[in-house]
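For reference, the structure is listed below as structure tokens.
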Amino acid sequence: VWAVQMIGGAVQTRMADTPAAPPARERVFSVNVLTAEAGTQTPVLESFGEIASRRMLELRAADGGRVIGLEDGGRVRAGDVLVRIDPADAQAAVQRGQSDLADALAEERDAARSVTLAEDEVLAAQEQAELRVRAAARQVDLAGRGVGTTAATETAELAAAAARQAVLSRRLALAQAQARVDQAATSRMRAEIALAEVERRLEDTILIAPFDGTLSAPGVVEGGLVSANERVADLIDPDDLEVSFRLSNAQYARLLDPEGEIIKADVQVTLDASGVDLGASGRITRTSAAAGEGQTGRLVFAALDTAAGFQPGDFVTVRVQEPALENVIALPASAVDAAGSVLVLGDDDRLEDATVTVLRRVGDTVLVRGNIAGREVVEARSPLLGAGISVKPLRKGAAPQAPEMLELSQERRAKLVAFIEGNSRMPAEAKARALAQLAEPMVPAQMVERMESRMGG
């Protein structure tokens, strides 16, 4: 009985004892690091815009009528006839104008002949007046010598006065003939203006393309009626394109030169066309005169040099090259937190906090400036990482390190084999692979550490 009590107490004491915990080991995280290199970076500003044509013309009918001809092709050349309107009314108006002009020319010629005749009549009247004046003078002389009578003298003087009056009448007729010439010239000019107007209306019955382009949104059909100033179609030049895009005030300020004018920065335009990106290049040309009702920022325009495949109205992505920044460092966006701090590698591969100034965010890249040039920076921050944490740096381009190997004693090896064989939750393939590795003279240290941590000692 006493032996049974001793054995039972020993078993209870053994079961009540707390198993010895393995010694605590510091956890080491593997992190990707890169070297911060300061240099010159050109930020790229990204926005969205719309393609438009720099030359667009609304074709409108100058006068009403019936459409008798219509260009149905989309692409036209300069000088091509686009629309023909029935010219019958315009031709009749031209003929009436030509008739009015002929009447005006005839009136002008008749007025010129009347002036010539009136001038001749003035000369004849002046000659008669001179003869009458000489006759009156001779009669006065005779009366002074007592030869003539007073009645004859008075009769001669009255005749001279009548001749002078006739000269005045002929001069008045000449002035009226000259005024008729001026009126005839004015009538001719009016007739010429009216004829030019109706001829222009006749020419406007044919709409001709002033430049190479593409017809868009035709609003009439052949045989239909159009009214004066009705829009017929739009003519767009697809080869002279520009893109308009809106920038915030801060983005716009970065594109200004010292004089306050926008710089002629290079732009790249991209259009996603069913998975195939169409690209074009250009330069900024101008800005809008006003921000726009209900809009913010600035509307900027850029002329495109080559825009194959683009059409007016396309919604595109615009990338603008800003002025280059000196002494800046390009880091992944995941390396910088909201407070502008990064984790750098310090002594004994422990992390340290460093503060930087964020200058630009370009996609997944952040351009910063700070005292971290030449130091290794953690590419991606994590809640598990912080100052003082020991890490294992992984550098791009570095050769992979060979796993650390251990030579196990027979007792330690047997203990690990027994643990693996007794683990019922371990898959058969994993057991076979682990037993094969334990059969080798050298065993990976990481595998041994992982198994012993699960064994509890």
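The values are calculated or read from the model by the stated rules, or taken from the named source; none is laboratory data. Note that the coordinates shown come from a computational prediction; the quantities given were computed from them, not determined experimentally. Here the Cβ positions follow ideal geometry from the backbone for every residue, glycine too, while neighbour counts run over all protein chains shown. Note: areas computed on protein heavy atoms with side chains; ligands, DNA, RNA excluded. Shrake-Rupley method; radii C 1.70, N 1.55, O 1.52, S 1.80 Å.
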### Task
On the protein heavy atoms, probe 1.4 angstrom, tell me the percent of accessible surface of region 184-260 carried by carbon and sulfur.
52
### Message
Counting only other residues whose beta carbon sits under 14 Å from that of Asn32, what net charge do I get with K and R as +1, D and E as -1?
### Response
+1
### Message
Test of the criteria: in region 203-257, which GluC sites (Glu not before Pro) are in a DSSP loop and have at most 16 other Cβ atoms within 10 angstrom of their Cβ?
### Response
Glu222, Glu230
### Query
Per residue, how much accessible area does the chain have with a 1.4 Å probe, in Å²?
63
### Task
Mind ranking Ile262, Ile208 by accessible surface for me, highest first, 1.4 Å probe?
Ile208, Ile262
#### Entry: Förster radius 56 Å - calculated FRET efficiency between Lys415 and Thr285, Cβ distance, rounded to 0.05
0.10
#### Entry: Local electrostatic count at Ala90 - Lys and Arg +1, Asp and Glu -1, tallied over other residues with Cβ under 10 Å
-4
## Note on the structure
Order by accessible surface, 1.4 Å probe, largest leading, for residues Val1, Val67, Val362, Val140 comes to Val1, Val140, Val362, Val67
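Taking all pairs of different Cα atoms in region 281-385, averaging 1/r and flipping that mean, what Kirkwood radius in angstroms comes out?
Numbers: mean 1/r = 0.0575 Å⁻¹.
Roughly 17.4 Å, rounded to one decimal.
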### Query
Got a sec? What order do Asp103, Asp348, Asp234, Asp86 fall in by accessible area at 1.4 Å, biggest, i.e. largest, first?
Asp348, Asp103, Asp86, Asp234
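Under the rule of -39500 (n - 2.57) per DSSP H run of 4 or more residues, summed and divided by the residues of the chain, what mean residue ellipticity at 222 nm is obtained, to the nearest 500 deg cm²/dmol?
-13000 deg cm²/dmol
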### Task
Please sort by residue number the trypsin sites (Lys or Arg not before Pro) in region 73-181 whose DSSP state is loop and whose Cβ has at most 13 other Cβ atoms within 10 Å.
Arg77, Arg145
### Query
Share of region 358-457's accessible area from carbon and sulfur, percent, 1.4 Å?
51
## Note on the structure
Which of (1) 28.2, 86; (2) 21.8, 68; (3) 53.8, 212 gives Rg and Dmax of the Cα atoms in Å as computed here? It is (3)
### Amide H within-cut-off set for Arg375, under 5 Å, with H built and near neighbours excluded
Ala36
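Quick check on region 30-145: take the gyration tensor over C-alpha atoms, sort the square-rooted eigenvalues as a ≥ b ≥ c, and tell me if it's rounded (a/c under 1.5), prolate or oblate.
Values: a/c = 10.09, a/b = 2.73, b/c = 3.69.
Note, shape of region 30-145 comes out oblate.
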### Task
Hand me the GluC sites (Glu not before Pro) from region 250-327 located in a DSSP loop with no more than 12 other Cβ atoms within 10 Å, in residue order please.
Glu259, Glu261, Glu293
### Task
Just add up the charged neighbours of Ala52: K/R +1, D/E -1, any other residue whose Cβ is under 14 Å from the Cβ of Ala52.
-3
